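*Asks:* Dropping the structure in here first, questions after.
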Amino acid sequence: MNYQDDIPLAKRIRSIKTIPTNSFLRIGLISIGIGVSLILLINKSIFQQTNYSNNSINSSETIENQSLLGHLPYAEASKEELVLFSPGIYVHKDIYETFKEMQFKAAQKGISLQLLSGYRSIDLQRDIFYENKSIRNQTAIERSRDSAPPGYSEHSTGYAIDVGDGNYPNTHFEVEFEQTPAFKWMERFASKYHFVLSFPPNNKQGVSYEPWHWRFEGTINALRKFEAANKIIKFK
Ligand SMILES: [Zn+2]
């Protein structure tokens with residue numbers, strides 16, 4: 001006996017009608033399910049991408065928030081980290097031997113690499129920033145292009161130095177220093193000794209070009225100090 005014959009006609013019709021409806025419903029639900037999953041997946045990847053780019057923006061924003069008039073905050077080196085290099089000039093002990101060697105190598109070619117300044121305490125930086133600002137009748141923003149506000153100078157770390165050419169003292173702290181043999185030597189060999197020019201022309205920090213100002217990045221500790229400055233160059 002046919003199984004369907006047991007079911008009254010009305011019910012049979014209903015059941016015949018309901019089967020395709022159910023299948024359509026099931027196919028529909030599955031399609032919706034796949035659709036929703038796809039949308040969720042796409043959304044998730046877009047969200048992740050947005051999140052990723054937000055992160056990059058955030059990290060460069062954080063650096064910008066930390067900076068003051070283009071300068072980044074630097075803690076003072078401790079007394080134990082500093083050594084006297086020449087009368088009145090202290091540097092971080094990690095750069096003492098390195099710079100002595102640089103002077104020696106340059107001298108072999110008749111070039112006088114002169115150390116003009118090294119470590120500066122935050123107090124000294126305060127005097128330089130505020131006194132020069134009033135002597136030169138400059139506003140803080142104008143002065144900040146040439147000098148860091150106290151607490152924001154690379155010199156506080158002991159890893160930053162100002163270099164001059166002993167044979168051309170009139171170019172000390174002047175852009176003309178870039179024409180001296182000492183600068184040309186630095187340009188060619190400084191990276192070998194892990195020194196980099198902190199404020200090249202048109203630098204991202206917006207600080208005036210300072211061909212005499214170099215910072216040391218040859219130790220993990222030094223690299224950490226200048227990580228934020230290097231990120232500005234990378235992200236902006
Ligand atoms: Zn300097």
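The values are calculated or read from the model by the stated rules, or taken from the named source; none is laboratory data. What you are looking at is a predicted structure, and each value in this text was computed from that prediction instead of being measured. Cβ sites come from the backbone with ideal geometry, for glycine too, and all protein chains shown count toward neighbours.
*Asks:* Confirm whether residue 175 is touching a Gly at 6+ places or on another chain (Cβ under 6 Å) and not hydroxyl-bearing (Ser, Thr, Tyr).
*Replies:* no
*Asks:* Take residue 144 and decide whether it is in contact with a Leu (Cβ under 6 Å, 6 or more places away or on another chain) and crowded, with 19+ Cβ neighbours inside 10 Å.
*Replies:* Taking the combined requirement at face value, the residue satisfies it.
*Asks:* Is it the case that residue 189 is assigned to a helix (DSSP H, G or I), out of contact with any His (no Cβ under 9 Å at 6 or more places or on another chain) and within 16 Å of the ligand (Cβ to nearest atom)?
*Replies:* It is false that residue 189 is assigned to a helix (DSSP H, G or I), out of contact with any His (no Cβ under 9 Å at 6 or more places or on another chain) and within 16 Å of the ligand (Cβ to nearest atom).
*Asks:* What number of residues in the range 194-228 are away from the ligand (no atom under 11 Å from the Cβ), touching a residue at least 60 places away in the same chain (Cβ under 8 Å) and β-branched (Val, Ile, Thr)?
*Replies:* 1
*Asks:* Something else about it: Count, please, the residues in the range 108-127 that happen to be within 15 Å of the ligand (Cβ to nearest atom), over 20 Å from residue 152 (Cβ atoms) and of a type in the set (D, E, K, R).
*Replies:* Adding up the residues that qualify gives 0.
*Asks:* Something else about it: Does residue 162 satisfy the criteria of being of a type outside the set (S, T, N, Q), assigned by TED's automatic domain parsing to the domain that holds residue 226 and modelled with pLDDT under 90?
*Replies:* It is false that residue 162 is of a type outside the set (S, T, N, Q), assigned by TED's automatic domain parsing to the domain that holds residue 226 and modelled with pLDDT under 90.
*Asks:* Restricting to the range 91-102, count the residues that are touching a helix residue (DSSP H, G or I) at 6+ places or on another chain (Cβ under 9 Å) and either loosely packed, with under 11 Cβ neighbours inside 10 Å or farther than 15 Å from residue 215 by Cβ (or both).
*Replies:* Of the residues in the range 91-102, 2 are touching a helix residue (DSSP H, G or I) at 6+ places or on another chain (Cβ under 9 Å) and either loosely packed, with under 11 Cβ neighbours inside 10 Å or farther than 15 Å from residue 215 by Cβ (or both).
*Asks:* Identify all residues within the range 154-181 that are in contact with a helix residue (DSSP H, G or I) (Cβ under 7 Å, 6 or more places away or on another chain), within 17 Å of residue 99 (Cβ to Cβ) and among the small types (Gly, Ala, Ser); write none if there are none.
*Replies:* 158, 160, 164
*Asks:* Of (1) closer than 30 Å to residue 79 by Cβ; (2) assigned to a helix (DSSP H, G or I); (3) within 15 Å of the ligand (Cβ to nearest atom), residue 173 satisfies all except one. Which?
*Replies:* Just one mismatch for residue 173, condition (2).
*Asks:* Suppose we keep only residues that are out of contact with any Lys or Arg (no Cβ under 6 Å at 6 or more places or on another chain) and basic (Lys, Arg) within the range 122-177. Which one would you say is nearest to residue 89 (Cα to Cα)?
*Replies:* Taking the candidates together, the pick is 126.
*Asks:* Still on this model: Say whether the condition of being over 21 Å from residue 198 (Cβ atoms), within 16 Å of the ligand (Cβ to nearest atom) and either touching a residue at least 12 places away in the same chain (Cβ under 8 Å) or of a type in the set (Gly, Ala, Ser) (or both) is met by at least one residue in the range 129-152.
*Replies:* No - not one qualifying residue is present in the range 129-152.
*Asks:* Here's another thing I want to ask about it. Can you tell me which residue among 177, 195, 216, 199 is over 19 Å from residue 152 (Cβ atoms), within 17 Å of the chain's Cα centre (by Cα) and surrounded by 18 or more Cβ atoms within 10 Å (Cβ to Cβ)?
*Replies:* Only one candidate qualifies: 195.
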